[in-house]
1. What FRET efficiency, computed as 1/(1 + (r/R0)^6) with R0 = 35 Å and r the Cβ-Cβ distance, is obtained for ALA53 and SER177, rounded to the nearest 0.05?
2. Which of LYS134/LYS196; LYS38/LYS173; LYS78/LYS170; LYS78/LYS134 have a Cα-Cα distance over 25 Å?
3. Want the number for GLU166 to ASN145: 0.36 nm per residue separation, take away the alpha-carbon distance, what's left?
4. Determine the principal axes of the Cα atoms in the stretch 13-88, then give the extent along each, sorted from largest to smallest and rounded to whole angstroms.
5. How would the stretch 158-199 be classified by its alpha-carbon gyration tensor: rounded, prolate or oblate, with rounded meaning a/c under 1.5 and the a/b versus b/c comparison settling the rest?
Amino acid sequence: MLQKDSESDIVDKKAIDPHHWVSRYADYLYSYAASRIKDQNLARDLVQDTFLAALERREKFEGRSSEKTWLTSILRNKLIDVYRSRSSGFDTHGVHTDINVPDEDFFNQDNGHWNDRHRPAELGIETHDALENKEFERILKACMNKLPALWLSVFSMKHIDEERSELICKQLKISSSNFWVIIHRSKVSLRSCLQKNWI
């Protein structure tokens, strides 16, 4: 999710300085992209594309946000293009919502939360300090990288970028029922992977 700018971060549109973008924002933008896609080389390319696009559009920068937020927004749109291109290669009609699928009852259909009998075991990360544990983050990222590209795209947009479900469906051109099946199966897959590798 994009951070809100403080008044001190918002700059005059004439004050943007492309000469310092790489030193100030490249690491942040790379980290942002790499946490959302599997391919580190593609993440680097997207950061470069972001800088080029920003150079081309710098006259359109209105100064209502910081350079960092503006660049992140451009990168985010480029990531959505990647998600869309990757999802277009999948047969989303093969993602079905048949009620006979055995794992459909993992989640409450009304609110999307785990049903009591399928609730995951505690992972030992319930305290604030444990959430900062680098080992857990490494395992979670490895588990996310095992997801199929479309699932990773949907899951990242929903749970990392906190996009609205309707917007994700529209941007990735998937139906609402396919979206919920993908989210469901992503959660089940991540739960299984985390229980196997973390507990």
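None of the figures in this text is laboratory data; all of them are computed from the coordinates on show. All figures in this text were calculated on a predicted structure; none of them were measured in a lab. Backbone-built Cβ (ideal geometry, glycine too); neighbour counts: all protein chains shown.
1. Numbers: r = 34 Å, r/R0 = 0.98.
Approximately 0.55, to the nearest 0.05.
2. Values: LYS134/LYS196 17 Å; LYS38/LYS173 21 Å; LYS78/LYS170 16 Å; LYS78/LYS134 28 Å.
Check vs 25 Å cut-off fails for LYS78/LYS134.
3. Numbers: separation 21, 0.36 × 21 = 7.56 nm, distance 2.42 nm.
Once the chain is fully extended between GLU166 and ASN145, it gains 5.1 nm.
4. So the three principal-axis extents are 38, 24, 17 Å.
5. Details: a/c = 4.22, a/b = 2.16, b/c = 1.95.
Prolate shape, in that a/c is at least 1.5 and a/b is the bigger ratio.
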